[in-house]
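Colleague: Supplied in C-alpha cells, the structure appears directly below.
The values are calculated or read from the model by the stated rules, or taken from the named source; none is laboratory data. This one's a predicted model, so the numbers in the text were calculated from it and none came from an experiment. Here Cβ is always computed from backbone atoms with ideal geometry, including for glycine, and neighbour counts include all displayed protein chains.
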Amino acid sequence: RPAALICTSGSAAANYYPAIIEAEREQLPLIILSADRPPELRDTGANQTIVQPGMYGRYVKWHFDLPCPSEALPPVMVLTTVDQLVYQARNAPGGPVQLNCMFREPLGPAEIAPPADLQGWRAHDRPYTVYAERVSRPSAEDIDRVGALLSDARKGVLAVGRLAGPAEREAVCELADRLGWPVFADITSGLRLVKGKLPLVHFFDQVLLSDKVTAGLQPDLVLHLGGQILSKRWQAFLEKHPPQHLLQVQHHPRRHDPAHLGGFRLESDIPAFCEAIGFFAPGSADETRRQKWLRLSQQVETMIANPLPSDEPVSEISAAMLISREIAPGSGLYLAASMPVRDMDMYGLPGSGAIVGANRGASGIDGTIASAAGFSFGLARPVTLMIGDLAALHDLNSLALLANATQPVIVVVLNNRGGGIFSFLPVAAEADVFETYFATPHNYEFRQAAAMFGLPYHRTVTNGDFITSYREAQQSGKSAIIEIISDREVNLRLHRQLQQQIIETLENR
C-alpha cells in the first residue's frame, strides 16, 4: 500500500529527498503531498517559498502542480487528479509521486458545500476513478523459451534477490521445491534466515571465498528472481564464470545488471511467472553437484554455529550471529546499510525466519531509525534494528518515534567510533588521510541519547552480556537501545581471521 508524506513548503520538502530517492530505487509507492505558496510569490523573495514543481527531478514517477483552492476549480478535477496520483504510485514499477498543493492562506478555514452531483460519490467508500489492477504476465512464447532452457539445464542455480512480500516468497519457494536446484538467497529475500526442506545454500557467499572448492561448480543456467544480490563474491563468480544462460525475472523494466552480463530478461510479476513455469518438467539436475553446494554451506554453518564463549568480547560478527540466533521467531529484523546488512548476510544463522527489511535502493544511511520504526508499524510486530554508530548519529531525532511506537523496536548500535566499512577498502592504507577523512572518528556513546528519549539502555561488553540484555529487551515488550563498543582494527582482523578459517576448513575436508 502507498505511504503518504505531508510537508510544508520550502526546505521542508527538500529534507525528504533521501527517502524519495530510496523509494524510487526500490519501486515503493510513496505519495508526496507538499504544501506550496501561490504562483505569484515564486521568485519574489517571499518567505518559505522556493520553486517546488519538478524539484525531485527523475526520482518521482509523476507530479502535478495543483492550483490554489478556488470555487472556480471543478472539484472533479481534483478527484481525478488524486486518483491518477495513487494509480501512478502503485502501478508497476511503483514509486514516489508528488502532488504540489498551492495555498494563498496557510491553514485557513474554508467551508464550501460539495456539489450536489458528488453527494452520491461521497456516500461510498471508493475512488472517483477506478483503475483496473494490472498484472504483468509472461507471454506464451517467453514461457516456452524459458521452459525449454530449464528443461535442458543440468547445473542450474536459483538466485533470489529482494522479494516484495509473502506472495512472492511463497511462489518462489514452490518453484524452488519443484526445480530442486541450489538456492542462493540474499538476506533481503526473506529466505536467507529460513530453515526447511528447500535446498538453501545459506552461506554461499562464504563458500565462494575459496576458488579451489568451487572449481567445477559453475552453473550452466542461473535463474535470478527479484532484486539485486548483495554478495560481491557472487557477482565476481558470475563475471569469472559466466553461465551459458542467465535468466532474470523482475516485475519492472529496469536494468539490474552492474556487471553487464546480458542474458534474457523477463518482465513479469514473480508469482505469475512461477505459476506459468510450473507446468514444465525440470531437467535432470546434477545431484552430486547440488549436494556439494549444500555440504560446503553446512560446513560453514557448523563452524560458525558453535556456541560463542560468553566471556569473550562481543564483536560485530558475533552480534550478527547472536541476533539471528536469539531473535523471536517471526519478528522483524531491520538492517542498516554498510556493515550490518553485510555481516548478517554473511554470518546470520538460519532458523528464526525473521522478516528482513533494509534500505538497499541507494544504500544510504539517512533515516534508518525512522525506517525501522515504520517497518515495525507496517508489520505490527516487534523489530530489531542492527545499525552502525554513524547511521544512528545521522538519525538520532527519530528515537522519538520509538518512545511511542505501537510495537517495540530494539536498536542494537554497533559503535566502532567511526566508519568501519572503510577499513576494508584500499584507502585504509593511506595513513595520512584515512583516519581523519574516511574513518571520521568520534568518542560518542548512546547512553545519554537513550535517556533523553526515555528509552532503556544496555551497554554490553561480552557475548554473555549481549545475550542477557537482548533477551531482557525482547521480554520487556518495550523499545530499547543496546550498545556494543567495538574497535575498527579488531573488527577488520576478526573478519579476516574468520574468513581464513573458513577457507582452511573447506579446503582441508
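Colleague: Quick one: which of 286, 269 is modelled with pLDDT under 90 and not β-branched (Val, Ile, Thr)?
Modeller: Answer to the selection: 286.
Colleague: Next question, about the same structure. Can you pull out the strands (runs of 3 or more DSSP E) entirely within the stretch 1-71 that have at least 2 residues that are touching a residue at least 40 places away in the same chain (Cβ under 8 Å) and crowded, with 17+ Cβ neighbours inside 10 Å?
Modeller: Here the list reads 30-36.
Colleague: Is one or more of the residues making up the stretch 299-322 surrounded by fewer than 21 Cβ atoms within 10 Å (Cβ to Cβ), in contact with a Pro (Cβ under 8 Å, 6 or more places away or on another chain) and not aliphatic (A, V, I, L, M)?
Modeller: Checked against the condition, which is being surrounded by fewer than 21 Cβ atoms within 10 Å (Cβ to Cβ), in contact with a Pro (Cβ under 8 Å, 6 or more places away or on another chain) and not aliphatic (A, V, I, L, M), the stretch 299-322 yields at least one hit.
Colleague: Taking the stretch 177-209, which residues are crowded, with 20+ Cβ neighbours inside 10 Å, within 17 Å of residue 324 (Cα to Cα) and of a type in the set (A, V, I, L, M)?
Modeller: Listed by number, the residues that qualify are 185, 187, 191, 193, 200, 201.
Colleague: When you look at residue 498, is it in contact with a Ser or Thr (Cβ under 9 Å, 6 or more places away or on another chain) and either modelled with pLDDT of 95 or more or in a helix (DSSP H, G or I) (or both), yes or no?
Modeller: Considered against the rule, which asks whether it is in contact with a Ser or Thr (Cβ under 9 Å, 6 or more places away or on another chain) and either modelled with pLDDT of 95 or more or in a helix (DSSP H, G or I) (or both), residue 498 comes out as no.
Colleague: Please verify whether residue 348 is within 11 Å of the chain's Cα centre (by Cα), surrounded by 21 or more Cβ atoms within 10 Å (Cβ to Cβ) and in contact (Cβ under 8 Å) with a residue 24 or more places away in the chain, treating the condition exactly as stated.
Modeller: Answer is no for this residue.
Colleague: Answer yes or no as to whether residue 115 is farther than 15 Å from residue 83 by Cα, out of contact with any Gly (no Cβ under 8 Å at 6 or more places or on another chain) and loosely packed, with under 14 Cβ neighbours inside 10 Å.
Modeller: Considered against the rule, which asks whether it is farther than 15 Å from residue 83 by Cα, out of contact with any Gly (no Cβ under 8 Å at 6 or more places or on another chain) and loosely packed, with under 14 Cβ neighbours inside 10 Å, residue 115 comes out as yes.
Colleague: What are the residues in the stretch 471-494 that are of a type outside the set (A, V, I, L, M), surrounded by 15 or more Cβ atoms within 10 Å (Cβ to Cβ) and at pLDDT 95 or above, if any?
Modeller: Hits for the stretch 471-494 are 474, 478, 479, 483.
Colleague: While we're on this one: Out of the stretch 132-141, which residues are closer than 18 Å to residue 246 by Cα and either modelled with pLDDT under 90 or in contact with a strand residue (DSSP E or B) (Cβ under 6 Å, 6 or more places away or on another chain) (or both)?
Modeller: Across the stretch 132-141, the qualifying residue is only 138.
Colleague: Turning to a different aspect of this structure: Go through the stretch 185-222 residue by residue and tally those that are among the hydrophobic types (A, V, I, L, M, F, W, C) and within 21 Å of the chain's Cα centre (by Cα).
Modeller: Number satisfying all stated conditions: 9.
Colleague: Sticking with this one: Tell me, please, whether a residue that is surrounded by fewer than 11 Cβ atoms within 10 Å (Cβ to Cβ) and at pLDDT 90 or above can be found in the stretch 418-435.
Modeller: No: zero hits.
Colleague: Return the pairs, sorted by first residue and then second, in which the second residue is loosely packed, with under 14 Cβ neighbours inside 10 Å, the first residue lies in the stretch 248-267 and is within 13 Å of residue 222 (Cβ to Cβ), the beta carbons are less than 7 Å apart, and the residues are 6+ apart or on different chains.
Modeller: Hits for this filter: 259/239.
Colleague: Something else about it: Can you confirm whether the stretch 75-98 contains a residue that is assigned by TED's automatic domain parsing to the domain that holds residue 22, within 33 Å of the chain's Cα centre (by Cα), exposed (fewer than 14 other Cβ atoms within 10 Å of the Cβ) and not β-branched (Val, Ile, Thr)?
Modeller: No, the stretch 75-98 has no match at all.
Colleague: Mind checking whether some residue in the stretch 119-127 is hydrophobic (A, V, I, L, M, F, W, C) and modelled with pLDDT of 90 or more?
Modeller: Checking the stretch 119-127: not a single residue is hydrophobic (A, V, I, L, M, F, W, C) and modelled with pLDDT of 90 or more.
Colleague: Here is a check on your reading of the model: is residue 371 at negative phi and of a type in the set (Gly, Ala, Ser)?
Modeller: Against the criterion (at negative phi and of a type in the set (Gly, Ala, Ser)), residue 371 qualifies.
Colleague: State all residues of the stretch 390-422 that are over 19 Å from the mean Cα position of the chain (by Cα) and among the charged types (D, E, K, R); if no residue qualifies, say none.
Modeller: 417
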